[in-house]
1. Give the residues of the stretch 10-52 that are closer than 17 Å to Val90 by Cα and basic (Lys, Arg), sorted by residue number.
2. Quick check: is even one residue across the stretch 75-88 within 19 Å of Gly2 (Cα to Cα), buried (at least 18 other Cβ atoms within 10 Å of the Cβ), in contact with a Leu (Cβ under 8 Å, 6 or more places away or on another chain) and of a type outside the set (S, T, N, Q)?
3. Suppose the filter is surrounded by fewer than 19 Cβ atoms within 10 Å (Cβ to Cβ), touching an Asp or Glu at 6+ places or on another chain (Cβ under 7 Å) and within 19 Å of Phe75 (Cα to Cα); does Thr3 pass it?
4. Pairs please, first residue from the stretch 12-34 and without any contact (Cβ under 8 Å) to a residue 24 or more places away in the chain, second anywhere and of a type in the set (S, T, N, Q), Cβ atoms under 7 Å, 6+ apart in sequence or on different chains.
5. Condition test on Thr34, is it assigned to a loop (DSSP other than H, G, I, E, B) and β-branched (Val, Ile, Thr)?
6. I'd like the residue in the stretch 54-74 that is touching a strand residue (DSSP E or B) at 6+ places or on another chain (Cβ under 6 Å) and not aliphatic (A, V, I, L, M) and, out of all such residues, is surrounded by the most Cβ atoms within 10 Å (Cβ to Cβ).
7. Would you pick out the residues in the stretch 1-47 that are of a type in the set (A, V, I, L, M) and out of contact with any Phe, Trp or Tyr (no Cβ under 8 Å at 6 or more places or on another chain)?
Amino acid sequence: MGTRHRLLDTPTDQVPHEFAQEVIDFAKPLEAVTAAYVGLTEITEDFKQPYRRLAAGFELASEDDDALQAFAKRFYDAMPAEVQAGGCNVLDAGGASAWRVQAQRVFSR
């Protein structure tokens, strides 16, 4: 089966300031990032009991393969383990609309 991630409604009080600040500090100097979010996800791995984890989501100005690979590499090189654990979600149009509704926007240009 693999791993399934499902974005949940994320109230403001579920987003620790420190986690949000890590995402903001990462996104701010990168002109490619147009918006950044923190969302609560439910993760189910191979029929095991689901668990919840905070994740970061980003809207980018460019989604070509080279830009996406460079962005992902920078994310995993720069972010602390607790932020990496939730994953780096680069949002396409459909994904961005869901994150706008269910997650907390922590940065935008």
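1. Matches in the stretch 10-52: Lys28 only.
2. Among the residues of the stretch 75-88, at least one is within 19 Å of Gly2 (Cα to Cα), buried (at least 18 other Cβ atoms within 10 Å of the Cβ), in contact with a Leu (Cβ under 8 Å, 6 or more places away or on another chain) and of a type outside the set (S, T, N, Q), which makes the answer yes.
3. Judged against the criteria, Thr3 is not a match.
4. none
5. Taking the combined requirement at face value, the residue does not satisfy it.
6. Out of the qualifying residues, it is Gly57.
7. If the condition is that a residue be of a type in the set (A, V, I, L, M) and out of contact with any Phe, Trp or Tyr (no Cβ under 8 Å at 6 or more places or on another chain), then Leu8, Val15, Ala20, Leu40 are the ones that fit.
Residue-by-condition table, conditions (1) outside any strand (DSSP E or B); (2) charged (D, E, K, R); (3) closer than 22 Å to Asp9 by Cα; (4) free of Cβ contacts under 8 Å to residues at least 24 places away in the same chain:
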| site | (1), (2), (3), (4) |
| --- | --- |
| Phe58 | no, no, yes, no |
| Gln69 | yes, no, no, yes |
| Lys73 | yes, yes, no, yes |
| Glu82 | yes, yes, yes, no |
| Gly95 | yes, no, yes, no |
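Each reported figure results from applying straightforward, stated rules to the coordinates on display, with no laboratory input. Just so it is clear, the structure is predicted and the values come from calculations on it, not from any experiment. A quick note on method: Cβ atoms are made from the backbone with ideal geometry, for glycine too, and the neighbour counts reach across all protein chains shown.
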